[in-house]
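Below: the structure, in structure tokens.
The values are calculated or read from the model by the stated rules, or taken from the named source; none is laboratory data. Keep in mind that this is a model prediction, so the values were computed, not measured. Counting neighbours? That spans all protein chains shown, and the Cβs are built from the backbone with ideal geometry, glycine included. Heads up: the accessible areas ignore ligands, DNA and RNA and are worked out on the full protein's heavy atoms, side chains in. Shrake-Rupley method; radii C 1.70, N 1.55, O 1.52, S 1.80 Å.
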Amino acid sequence: MYTTRIGRLFLKAYNDKFEKNYTAKGFFEKVFVPLFFDYPKYMMTAGNSPLENPKLSWEDMIKGKKPFETPEQRKERICKMIKKIESEKADASIAIGYGVTDNTAATTGQITSMALADNKDDIYFSWIGAGLGIGVTGALTILFDNSQLLLDIFEGWKYYRSYLEKNPLMKGNQINTWNGRWIEHRYSWDYEESDPTAGFNPLEPTSNGLLNLLTVSWVDVVLKIARKIPMDNMMGYLYNIGQTNTTIGFIPFKLQDIVRPNQLYEKVFGLPVFLKDRSRISKLYGTAMGLRIACQNGAIGIPAMEPKGLRAFFPTNKGVRKIACKDDEEQRITYNTYLIWILAMLNNEKLWDISCEFAKCLLNYEAGAGKARKDRTNKVNQLLDSVTSKQFIQNLIPIINDEQNIKEYENIGRVVHEMPKDNFPYFNTLIRFQYALLNK
């Protein structure tokens, strides 16, 4: 039913922007249906409603083994749909996101004993809202409650129809996937207002000779939204409608937190390096757990951006994994991304310089050992292998006893002692990466 709210929010913004006065039914009949369903290939599936295509495979239709329906048949189908909406109560057969009447079915949802008003506008709005969902990897669709974003998604509808008509081998019914690809492109740095589809290549050949839309990752699209729309929180509703319906629910997306790692990457390594690396670092973010699991935290922010593989380097009771560095471009970007995500989690930019200076201090400590270097290296390794802040401070004492100038050690001890205990694994891992990179 949330599709209804999104449809209503969009239509108000649409009428205001284009100085129109469409009702829900008017927009559905004059704009939505002609664009989505009055062509041989539809832009979205219509479920069990009269609008749904005949059950033919894309391969058979595109190869001409079975004919598409005629314009007259489509017109009849559309008229039947309008009549059904006007004469029946809302359920899943005529409204997107609504439950079915059989409360034992797999697509049952939002069943209530309350007497709800039979508002026909709500049904039309549900279709409009469903067409504005953003499909992302993991088979999830996100509905965002932001008027400007919804208008920008709508802007891409006409281009999807154009692509379907220009590419006979292109599959239909992928409007949500298209919306994700479109917004990721629409909000990119090099988007051309004068040529909206310039450089836009969302199609991928499949094994059966058809063209399919590539699904965008949630990180790619949300990073672009965060850069374009400067707000702290944007509410998202996550779901999937298929043979069985899945509802994740309402999740706040902390946009300014999500964009923070990119801002730090640029600040620490410089704009030219960030611009060179950005497409590759965006593929690393959000790979540790996936969007569905990240939603269990109750919000999508920096923790959800965790790159895969980093957690293996965190100190645990079982020991600490050694960080090996080599002259490799891929590893450079991966390790830089690890470092920046940790810094974003710590939420204290000063810790970057502190960790770097302390890593240098440890290397100088080892270098000044002479014949006793191995002993000092063991002490440094023992320090870096610390699992808790208490253990870290205890392992710092033998190193302090060997040194005359202990100001740097006292400073790091104070920082570790005063920081929240949950932050220590991140900070210690930051020091270890700085140490390993300098030691290389």
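For beta carbons closer than 6 Å, sequence separation of 6+ or different chains, a first residue in segment 164-189 that is open to solvent by less than 10 Å² (accessible area, probe 1.4 Å) and a second that is of a type in the set (Gly, Ala, Ser), the qualifying pairs are Leu164/Gly172; Ile175/Gly131; Gly180/Gly135; Trp182/Gly156. The one condition from (1) in contact with a Pro (Cβ under 9 Å, 6 or more places away or on another chain); (2) under 25 Å from Asn245 (Cα atoms); (3) modelled with pLDDT of 80 or more that Val136 does not meet is (1).
In segment 196-213, of all residues being in contact with a helix residue (DSSP H, G or I) (Cβ under 7 Å, 6 or more places away or on another chain) and under 14 Å from Tyr160 (Cβ atoms), the one that is most open to solvent (accessible area, probe 1.4 Å) corresponds to Thr197. If only residues of segment 305-321 that are touching a residue at least 40 places away in the same chain (Cβ under 8 Å) and open to solvent by 30 Å² or more (accessible area, probe 1.4 Å) are counted, the one that is nearest to Ala294 (Cα to Cα) is Thr316. Checked against (1) part of a loop (DSSP other than H, G, I, E, B); (2) acidic (Asp, Glu); (3) closer than 23 Å to Leu143 by Cβ, Glu184 passes all but a single condition, namely (1). Remark: Glu29 falls outside the filter, which requires a residue to be of a type in the set (Asp, Glu) and either buried (at least 19 other Cβ atoms within 10 Å of the Cβ) or free of Cβ contacts under 8 Å to residues at least 24 places away in the same chain (or both).
Of everything in segment 357-396 that is in contact with a helix residue (DSSP H, G or I) (Cβ under 9 Å, 6 or more places away or on another chain) and among the small types (Gly, Ala, Ser), the residue that is modelled with the lowest pLDDT is Ala372. Just to be sure I understand, how many residues within segment 218-263 are part of a helix (DSSP H, G or I) and surrounded by 19 or more Cβ atoms within 10 Å (Cβ to Cβ)? Residues in segment 218-263 being part of a helix (DSSP H, G or I) and surrounded by 19 or more Cβ atoms within 10 Å (Cβ to Cβ): 15 in total. I'd like the residue in segment 106-133 that is aliphatic (A, V, I, L, M) and assigned to a loop (DSSP other than H, G, I, E, B) and, out of all such residues, is modelled with the highest pLDDT. Here the answer is Leu132. Residues that are in contact with a Pro (Cβ under 7 Å, 6 or more places away or on another chain) and in contact (Cβ under 8 Å) with a residue 40 or more places away in the chain number at least 2 in the following helices (runs of 4 or more DSSP H) confined to segment 342-440: 424-439. Scanning segment 370-425 for residues that are polar (S, T, N, Q) and either in contact with a Lys or Arg (Cβ under 7 Å, 6 or more places away or on another chain) or over 24 Å from Phe314 (Cβ atoms) (or both) gives Ser389, Asn401, Gln404, Asn405. Restricted to segment 305-323, and to residues there that are assigned to a loop (DSSP other than H, G, I, E, B) and over 30 Å from the mean Cα position of the chain (by Cα), the residue that is modelled with the highest pLDDT is Lys322.
For residues in segment 218-274 being at pLDDT 90 or above and among the small types (Gly, Ala, Ser), which is farthest from Glu52 (Cα to Cα)? Step by step, filter segment 218-274, then rank; the result is Gly270.
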